[in-house]
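Colleague: Quick one: this structure, given as structure tokens, is what I'll be asking you about.
Please treat every number below as a calculation from the coordinates, not as lab data. Keep in mind it's a predicted model, so treat the numbers as computed, not measured. Quick reminder, even Gly has a Cβ in these numbers, built from the backbone with ideal geometry, and neighbours come from all protein chains shown.
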Amino acid sequence: MIDASNKPSVSVAIACYKHAHFLADAIESVLAQTSPAVEIVVVDDGSPDDTREVASRYPDVMYVRQENMGLAAARNTGIRSTSSPFLVFLDADDRLLPNALEAGLKAFHAHPACAFVSGGFRYIDSEGTATGDPVIPHVVNNHYIEMLRCSYIAMHATVMFRREILDRVGGFDNTLRVCVDFDLYLRIVREHPVSCHGAVVAEYRRHGSNVSSDSAKMLKTALRVLRSQWPYVKGHVRYREAYFAGLRFWKSYYGLELVQQIKQAARTNRPRRALDASMALLRLAPGLAGRRTVRSIGWRSRSAARRGRTLLPEQIVRHLQRLRVFRPDPPPPGQVDMGDLQRVTPVSRRFGFDRGLPIDRYYIEGFLFRHAGDIAGDVLEIADNDYTVRFGGAAVRHSDVLHVNHDNPKATLVGDLAEAPHLPDNGFDCIILTQTLHLIFDTNAALRTLHRILKPGGVLLMTVPGITQVEHGVPGNQWFWTFTDASVRLMLEALFPPSAVDVETHGNVFAAVSFLHGLALHEVSTAALDYRDPAYQVIVAARAVKPCQSA
């Protein structure tokens, strides 16, 4: 158990190989922590640059040098060279945000049985400038299943480990040169509880010499690591499903990168690189990866396609033609291949519930995860309190469930939001309203009720459908509306101060098509879902805060 009055100590181990020019940034990000590290060790993995000189500028930093043995061995040296009960591993080209260690310790205090806790990160460029939106995993349970499907922790420095667990599982696998984190995560989450928190705690620097840029090596090793789990998953139906989804994910993810390498090599007249990438694609991701990822892209010009056909062996060209690599992007009129989606009826008419978790739930649960800190005190949810329990946990003092009639045994309150004078004024610290407003004809009246029953300072967390199937034939449920970010903002700002309203959209054309067909989350790439195109709003989410002094 963690004693909040006596904060436990944390060590940070920084592995460095040929990244001395970034090392000072990494060290200073650790020194700037709001909850200081008691030990900082730089492990020089036989780097030929001036790693020692950079580390020596910082008197509080321990320097350890070893022969070049790879990242796993360097991290294991970091474990042996420190003694704190908690550890964070940082690469020399990355940075921690100032709240990183404090957020990790708070998460361990909230979840004292966990083997590790993890947060989010953001990308930075080689100069250290932030690029794009933060990446924040929002896995609440079934962590082993989600880790099998894809390594949902995409950046190792977001993780704080409990030392005793690292010792118990034997640390990192020294036989691996890449995917060392993925392997360790799988071995830990298979046997131990872990937790995600919503804080963004690290920065992942993208530059030309990232280890993960070798797509063929990454794919080969990711498949090797995942296949090592087969003895543990083969007797469990849900584990097997996640395992095979993981195989598809890695082949799709790195298969697409290999295709891009082939195209780039053809454009720049580098036949050897094109050949190596082609052979790796055919060996590691034949068929499935090719047809599902490559058909969606093509050579940017016909001249590039001609160069590709000239540079590559004939048998490889024939195979890549079957996989539709040598095609203009976008495909010319009349040559679009719709594949399994060439149909006038959807794959599922139940939004994907009959196939797994619907795609819109990825966005909804991600939104709630990021705002889990709002779900506290007296909380109201519609139809059931699943999200209240999952995301609020011990912070919830009292949970109420509202339903439109008495048929729901979970309901503690009954009423129609559009006409509910019996609901108490200023009664709730948080209201969770997911995928409900479209079923209410008088939306403005419903929002007035929600505003009235929120306590001053209370938070409304709301999601509504944008691009969607329309459900018919469900007794008591009539689907009246779909929404856009503009309509949601106007409705909320009629009641809440504009500065207290945040509206966001989620989706893109891929997400919209997949959701309209009713595909389940495990059937698509979450990396593709994360791209936001405001022209394709699958889900609109909003957070609105009632002023402490209501007008």
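Colleague: Using 1/(1 + (r/R0)^6) with R0 = 22 angstrom and r between the beta carbons of S35 and A394, what's the FRET efficiency to the nearest 0.05? Show your work: numbers first, answer last.
Modeller: On the way: r = 22 Å, r/R0 = 0.98.
Plugging the Cβ-Cβ distance into 1/(1 + (r/R0)^6) gives 0.55.
Colleague: What ³J(HN,Hα) values, in whole Hz, does the Karplus curve 6.51 cos²θ - 1.76 cosθ + 1.60 give for segment 38-44 when θ = phi - 60°, with x put for Gly and Pro?
Modeller: Here the 3J(HN,Hα) series is 7, 9, 10, 10, 9, 9, 8 Hz.
Colleague: Can you pull a Stokes-Einstein diffusion coefficient for segment 10-208 at 4 °C (1.567 mPa s), Rh from Kirkwood over Cα pairs, as a whole number of µm²/s?
Modeller: Working: Rh = 16.7 Å.
The Stokes-Einstein estimate is 78 µm²/s.
Colleague: While we're on this one: For a label point 7 angstrom out from the Cα of S228 toward its Cβ, which stretches of segment 120-152 have the backbone nitrogen within less than 15 Å?
Modeller: 148, 151
Colleague: Using the C-alpha atoms of segment 102-201, what convex hull volume per residue, in cubic angstrom, is computed?
Modeller: On the way: hull volume 11.5 nm³, N = 100.
Spread over its residues, the Cα hull of segment 102-201 gives 115 Å³ apiece.
Colleague: Between R349 and E493, what is the label-point separation in nm under the 7 Å Cα-to-beta-carbon projection?
Modeller: Rounded to a tenth, the inter-label distance reads 4.1 nm.
Colleague: Any idea what the dipole of the chain comes to, in debye rounded to 20, about its Cα centre with Lys/Arg Cβ at +1 and Asp/Glu Cβ at -1?
Modeller: On the way: 62 positive and 57 negative charges, 585 e Å.
In debye, rounded to 20, the chain gives about 2800.
Colleague: Against the empirical 2.2 N^0.38 Å scaling, what ratio does the C-alpha Rg of segment 439-551 come to? Numbers along the way, then the final one.
Modeller: Numbers: Rg = 15.9 Å, N = 113, 2.2 N^0.38 = 13.3 Å.
In units of the globular-protein estimate, segment 439-551 measures up at 1.20.
Colleague: Report the gain in length on full extension from A130 to R80: 0.36 nm times residue separation, minus Cα-Cα distance, nm rounded to one decimal. Working shown, then result.
Modeller: Working: separation 50, 0.36 × 50 = 18.00 nm, distance 3.31 nm.
Length difference between fully extended and current span is 14.7 nm.
Colleague: Return the Cα extents of the chain along principal axes one, two and three, sorted largest first, each rounded to a whole Å.
Modeller: Extents along the principal axes, in whole Å: 73, 68, 47.
Colleague: Using a 10 Å cut-off around each Cβ, can you sort H192, H522, H472 from fewest to most neighbouring Cβ atoms? Working shown, then result.
Modeller: Details: H192 17, H522 21, H472 9.
Lowest count first: H472, H192, H522.
Colleague: Can I ask one more? I need the P(r) histogram for segment 361-504: all alpha carbon pairs, bin width 5 Å from 0 out to the longest distance, whole percents.
Modeller: Percent of Cα pairs in each bin: 2, 9, 19, 24, 23, 16, 6, 1.
Colleague: Given a cut-off of 28 Å, name the pairs among K220/K263; K106/K217; K106/K220 whose C-alpha atoms lie farther apart than that in the structure shown. Can you show the working numbers first?
Modeller: Working: K220/K263 21 Å; K106/K217 37 Å; K106/K220 37 Å.
Correct reply: K106/K217; K106/K220.
Colleague: Starting with the fewest neighbours, write out H111, H406 ranked by other beta-carbon atoms found within 10 Å of each beta-carbon.
Modeller: Details: H111 18, H406 8.
Taking fewest neighbouring Cβ atoms as first place, the list is H406, H111.
Colleague: What are the residues whose amide H is under 5 Å from the amide H of T434, where those residues sit 5 or more places off or on another chain and H is modelled from the backbone?
Modeller: I382, T463
Colleague: Label points 7 Å out from Cα along the Cβ direction at N408 and R273: separation in nm?
Modeller: About 5.7 nm separates the two model spin labels.
Colleague: Mind jotting down the distance between the C-alpha centroids of segment 175-208 and segment 113-150, whole Å?
Modeller: 8
Colleague: Using alpha carbons only, what's the Rg to Rh ratio of segment 376-437 with Rh from Kirkwood? The partial results should precede the final answer.
Modeller: Numbers: Rg = 11.1 Å, Rh = 11.8 Å.
With Rh from the inverse mean 1/r over Cα pairs, Rg/Rh is 0.94.
Colleague: For n ≥ 4 DSSP H runs only, could you compute -39500 (n - 2.57) per run for the chain, divide by its residues and tell me the 222 nm figure to the nearest 500? The partial results should precede the final answer.
Modeller: Values: 19 runs with 195 residues, N = 551.
Rounded to the nearest 500, the figure is -10500 deg cm²/dmol.
Colleague: If I take the Cα coordinates of segment 1-90 and project them onto the principal axes, what are the three extents in Å, biggest first?
Modeller: That works out to 44, 24, 16 Å along the principal axes.
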